[in-house]
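Presented below is the structure to which this report refers.
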Amino acid sequence: MTQVVLGENEGIDSALRRFKRQVSRDGILADVKSRRHFETPIEKRKRKAVAARRKRRFR
């Protein structure tokens, strides 16, 4: 669950920007988009292979 606590004199615009940044960093939107439709086993394997390659590259 993503939360953003408002500061003492913080405006709603800056809090909304912080919330959007936190959501994108956590990968929530990407997860929601991936669950929108049925994924075939072949698509799932391809996605996992790409993620593994990307993970290996950044290590």
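The values are calculated or read from the model by the stated rules, or taken from the named source; none is laboratory data. Computed from a predicted model, the values in this text were never measured in an experiment. Methodologically, a virtual Cβ is constructed for each residue, glycine included, from the backbone with ideal geometry; neighbour enumeration extends over all protein chains shown. Side chains included, ligands, DNA and RNA excluded: accessible areas come from the protein's heavy atoms. Shrake-Rupley method; radii C 1.70, N 1.55, O 1.52, S 1.80 Å.
Below is a table of values for the structure above.
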quantity: Heavy-atom surface of the chain, accessible at 1.4 Å and reported per residue (Å²); calculated: 101
quantity: Most mobile of 33, 46, 20 in a GNM of the chain (Cα contacts under 10 Å); calculated: 46
quantity: Local net charge near residue 25, Cβ-Cβ under 13 Å (Lys/Arg +1, Asp/Glu -1); calculated: +2
quantity: Under 16 Å, Cα to Cα: Lys pairs in the chain, sequence gap 8 or more or different chains; calculated: 4
quantity: Cβ-based charge dipole, the chain, positive-most Cα from 12, 38, 23; calculated: 38
quantity: Nearest-0.05 FRET efficiency for residue 24 and residue 46, computed from C-beta distance (R0 30 Å); calculated: 0.80
quantity: Electrostatic dipole magnitude of the chain [Cβ: Lys, Arg +1; Asp, Glu -1; Cα centre; debye, to 20]; calculated: 860
quantity: FRET efficiency for residue 31 and residue 57, using Cβ-Cβ distance with R0 set to 25 Å, rounded to 0.05; calculated: 0.70
quantity: Percent accessible area from carbon and sulfur atoms, the chain, protein chains only, probe 1.4 Å; calculated: 54
